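Some notes on the structure that comes next.
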Amino acid sequence: MISASAALTGSYDYNEVARSVLIAIVASYAALDLTGRVTAARGRVRLAWLSGGAIAMGIGIWAMHFKGMMAFHLPVPVEYHWPTVLASLLVAVLASAFALYVASRHKMGWREAFAGSVIMGAGIAGLHYIAMAAMRLPANTRYSPLLVTASILLAILFSLIGLLMAFGLREETRWSVPRRLGSATVMGVAISVMHYTGMAAASFIFASSPNLSHAVNISSLANNGISIVTLVVIVAAITTSSVERRASAEVERRADEALQEAQAKLTRVTRVQAMGELAAAIAHEVNQPLTAIVTNGNFCLRELAAGGRNLEELREAIAEIVNDGARASAVISRIRSLLVKGAPERAELDINEVIQEVTGLIRSELARNRISLRTDLTADLRVRGDRVQLQQVLINLIMNSIDAMRTLAGRPRKLLIKSAKQSDGVLVQVQDSGPGMEPEVADRIFEPFFTTKAEGIGMGLSISRSIIESHGGRLWAVALPNGALFEFTVPTQD
Amino acid sequence: MADAEPIVFVIDDDPSVRRAIRRLIGSVGLQVELFGSAREFLHSRRPDAPSCLVLDIRLPGISGLDFQCELAAANIHIPIIFITAHGDIPMTVRAMKAGAVEFLTKPFHDQDLLDAIHVALERDRAKRKQEAEIATLLQRWESLTPREREVLPLVVSGLLNKQIAAEIGTSETTVKVHRGQLMRKMGADSLAALVRLAERIGIPNTKP
């Protein structure tokens, strides 16, 4: 037997230590995994995830500590005061709940992180020392103040690391599982370090028999039972979380697909609609030269039938036939390039060509609304892009300008189209002298289904923006005192 | 008056089309005047001659159909031939209902346009002739004395001299003199002719 006033020398069962570290790692993984679920959920579901997660995590942390204590063998019988043991479990669950709450919030600043880690660290340290206090053995427990302080500081520090990791890893990415595993290992080891520092802070001085009321002896069977139940609870939590995550990712993926499909459809619809609006203008554009050609041709036939003496007039008529033929052919090739179907293609093109093609098509529409067009194009602006899509964006912006100026009275209706070089690409501006827009409208016009037109459906600008963004550029609006300015950029490289 | 040289007005915003139409119409010996917009046409001084208007539907600032209504509202009654690059049925119906002579789709057959122009000029000529006749009749009516103007409606409603004399309180001989004067002044050689003339200038029968 050991003499009185001598400290008891304990020894560690390293198998048990290893198991405790394993539980710490698994519990940490569960914590990291569940944070993401709590973050993604709302309302009651969030509360359910928060409480379920806190219970699983709390049991895990608590089991790790308890396991760690069981790994410590003293040469005297040790029993445990079970109400205190339950109290330590409660502390663990509460600390976990708090940690999950902090890490799953929308934002986490340094103040929240520090406050959270202090509370969580205090909780873990509390759990540890409460659990120690549950020990019933024929010895007095003495604590080394230095090591106790160190263990508390370590608990706070590791809580901070844990919170930051959980916050950073809660989004789903391709590498989130391996990263979570790595972080969980770091956290698990850290929790264990804290625990064993706390254990080292205690020394046991032989004393008389303890008060054994409400104390239980933990058999090795019960000890293993705790580990197994703990692991089952944690694994169940992780499994549920992963199933739910997959289901919600599937729902998200489907919603994404549906959205993309709808947008593609709308792109086609607005293109068709824009084409419909343009069809009248185009018919006019083609039929004008054809009318002149046919009429001049008929005139020539009549002149020739009558003897063809007026050669000068005949020559003029034929020259006009040739000119109008070229004019009609130019219109047709512009339409053909507009109608080219198929997947968006990226080709090197001059943005000024695109602008000129569109203004050529829209010319009569402008004239009809008595709008004067000025273009200010910087030479040689090559970009990579889809010609048809960029034309669509420009047509949309110009049509909007025309609509805005259609009822304008009292000042000139002016449309300015500018192109300029930028450090990383090309800037195109479409500016009108219409009534302009309120700043709050300028913020909203790119939203789908937002429209200021009586007959509009509010998709034009939203689609234009997604086209420009798919080119790697940006499209935005500027409200001017007298009019509106739309600007977009297209990068030179993909 | 009716002998004045007929003239065709053309309003189209495309100069090339305008010139071609002028050549075509000029080749059949008609006078042509070209306008780029409805406004230009309204501000021009139009000669007093049989005329018609070849009008594009799609014009800068105003549609040809609206311009047709504007002309009618301004009491300018000129026969209109519409030409359009993209006519549809409602448009055609509207134009014809408002009195258009023809509605041609660009590019049109030269003969169709020339035929339409001839119909339109003929219509304008007839209308101008009618207007001129009425103007003459009104002038003649103006030359009647107040007493003769009183007697005229009674004559055309078929009353005998005796009855007219009783109606206006004078002698039958005086009525006979008035009657002879007004027949002469109005240029009517019979009672039937006088009735027709009176009807044209809207002098009603006062008696059933």
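Quick notes
- Candidates B:VAL17, B:VAL32, B:VAL28 - the one that is surrounded by fewer than 19 Cβ atoms within 10 Å (Cβ to Cβ) and facing chain A (nearest Cβ under 9 Å): B:VAL28
- Verdict on A:GLY162 being more than 21 Å from the chain's Cα centre (by Cα) and either crowded, with 19+ Cβ neighbours inside 10 Å or over 28 Å from A:ALA134 (Cβ atoms) (or both): yes
- Residues that are touching a strand residue (DSSP E or B) at 6+ places or on another chain (Cβ under 8 Å) and either modelled with pLDDT under 80 or buried (at least 20 other Cβ atoms within 10 Å of the Cβ) (or both), drawn from segment A:37-73: A:MET69, A:ALA71
- Taking segment B:178-200 as the range and being part of a helix (DSSP H, G or I), surrounded by 15 or more Cβ atoms within 10 Å (Cβ to Cβ) and among the aliphatic types (A, V, I, L, M) as the test, the residues that pass are B:LEU182, B:MET183, B:MET186, B:LEU194, B:VAL195, B:LEU197, B:ALA198.
- Selection status of B:ILE89, without any contact (Cβ under 8 Å) to a residue 24 or more places away in the chain and either among the acidic types (Asp, Glu) or out of contact with any Phe, Trp or Tyr (no Cβ under 9 Å at 6 or more places or on another chain) (or both): yes
- A:ILE156 at pLDDT 85 or above and more than 30 Å from A:VAL216 (Cα to Cα): yes
- Any hit, segment A:139-148, residues being surrounded by fewer than 20 Cβ atoms within 10 Å (Cβ to Cβ) and in a loop (DSSP other than H, G, I, E, B): yes
- Scanning segment A:376-411 for residues that are out of contact with any strand residue (DSSP E or B) (no Cβ under 9 Å at 6 or more places or on another chain) and closer than 18 Å to A:ALA347 by Cα yields A:VAL388, A:GLN389, A:GLN391, A:GLN392.
- When A:ASP376, A:ASP432 are screened for being in contact (Cβ under 8 Å) with a residue 24 or more places away in the chain and either in contact with a Lys or Arg (Cβ under 6 Å, 6 or more places away or on another chain) or surrounded by fewer than 21 Cβ atoms within 10 Å (Cβ to Cβ) (or both), only A:ASP376 passes.
- Failed item in (1) within 14 Å of chain A (Cβ to nearest Cβ); (2) in contact with a Ser or Thr (Cβ under 6 Å, 6 or more places away or on another chain), with B:ILE7 passing the rest: (1)
- Yes/no for A:ARG368 being touching a strand residue (DSSP E or B) at 6+ places or on another chain (Cβ under 8 Å), within 9 Å of another protein chain (Cβ to nearest Cβ) and either within 25 Å of B:LYS106 (Cβ to Cβ) or modelled with pLDDT of 80 or more (or both): yes
- Residues satisfying the stated conditions in segment B:95-111, i.e. under 20 Å from B:LEU65 (Cβ atoms) and either surrounded by 15 or more Cβ atoms within 10 Å (Cβ to Cβ) or within 14 Å of chain A (Cβ to nearest Cβ) (or both): B:ALA95, B:ALA100, B:VAL101, B:GLU102, B:PHE103, B:LEU104, B:THR105, B:LYS106, B:PHE108
- Selection status of B:ILE62, closer than 30 Å to A:ALA409 by Cα and either within 11 Å of chain A (Cβ to nearest Cβ) or at pLDDT 90 or above (or both): yes
- Among the candidates B:ALA120, B:ALA49, residue that is buried (at least 21 other Cβ atoms within 10 Å of the Cβ) and within 15 Å of the chain's Cα centre (by Cα): B:ALA120
- Hits in segment A:323-350 - residues which are at pLDDT 85 or above and either crowded, with 17+ Cβ neighbours inside 10 Å or more than 32 Å from the chain's Cα centre (by Cα) (or both): A:ASN323, A:ASP324, A:GLY325, A:ALA326, A:ARG327, A:ALA328, A:SER329, A:LEU349, A:ASP350
A quick yes/no check of all residues on (1) outside any helix (DSSP H, G or I); (2) under 15 Å from A:ALA237 (Cβ atoms); (3) in contact with a Cys (Cβ under 6 Å, 6 or more places away or on another chain):
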position	(1), (2), (3)
A:VAL21	no, no, no
A:LEU32	no, yes, no
A:GLY36	no, yes, no
A:LEU47	no, no, no
A:LEU50	no, yes, no
A:ALA54	no, yes, no
A:GLY58	no, yes, no
A:LYS67	no, no, no
A:TYR80	yes, no, no
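- Selection of segment A:1-60 for residues being within 30 Å of the chain's Cα centre (by Cα) and of a type in the set (Asp, Glu) yields only A:ASP33.
- For segment A:439-460, taking the residues that are over 20 Å from the mean Cα position of the chain (by Cα) and either among the charged types (D, E, K, R) or at pLDDT 85 or above (or both), the one that is surrounded by the fewest Cβ atoms within 10 Å (Cβ to Cβ) is identified as A:GLU455.
The values are calculated or read from the model by the stated rules, or taken from the named source; none is laboratory data. As the structure is a computational prediction, the values presented were derived from the model and not from experiment. Here the Cβ is made from the backbone with ideal geometry for all residues, glycine too, and neighbour counts use every protein chain on show.
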